[in-house]
Amino acid sequence: MVTDQLNQIWTGFLGFLALFVTPDWGKLVVMIPVLLVLAVVGPIVTILALAWLHYGAVRPRRHVQLADTRRPAELDADGRPVYPAGEPYSPTERMIYEPGATRSLSGETLVVACPKCGLVRRAERDTCGNCGLSFHLKPVARSGGATHRPSGGAAAA
Ligand SMILES: [Zn+2]
């Protein structure tokens, strides 16, 4: 009698459990993709948010440093770009960079024309291989340059 009762209670208990357990598993299986998405997307969103914050904090300064210091080369009467002597420039970009620059924004090696003899060399080198003039390009404020330009040195082609 007691075991019957216990058995009944046990069966009822199992049935009672089944009511909750069976639908629960169904829900859990449905929830697995959602949980996976949350587990995967959550960190990604967090990383993206952090990267975005980092990008927003770092990017403007770099932008000002690099992009604002170059200017397009002026064109002469024949449409050819004119590069002032002693200032680094990129022939492919036709951009003049600030004194002291050795690389373009795209990582290309900049060149510079010797102020004395006009020989074009890599902007990384301080000394002219032709006339031996050595000058250090310092990133100081650009002057107009008009008064500085050597008038007699026009090695007209
Ligand atoms: Zn030179």
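Write out, first by first residue and then by second, each pair whose Cβ atoms fall under 8 Å of each other, whose residues are 6+ apart or on separate chains, and whose first residue, in the stretch 73-87, is within 25 Å of residue 100 (Cβ to Cβ) while the second is among the aliphatic types (A, V, I, L, M) and in a loop (DSSP other than H, G, I, E, B).
These pairs meet every condition: 81/73; 82/73; 83/73; 86/137; 87/137.
How many residues are closer than 12 Å to residue 89 by Cβ, within 11 Å of the ligand (Cβ to nearest atom) and touching a residue at least 12 places away in the same chain (Cβ under 8 Å) when one looks only at the stretch 102-128?
Qualifying residue count, the stretch 102-128: 2.
Computed from the coordinates by the stated procedures, all read-outs in this text should not be read as laboratory data. Quick caveat, the model's predicted, so the values are computed rather than measured. Virtual Cβ from ideal backbone geometry, glycine too; neighbours counted across all protein chains shown.
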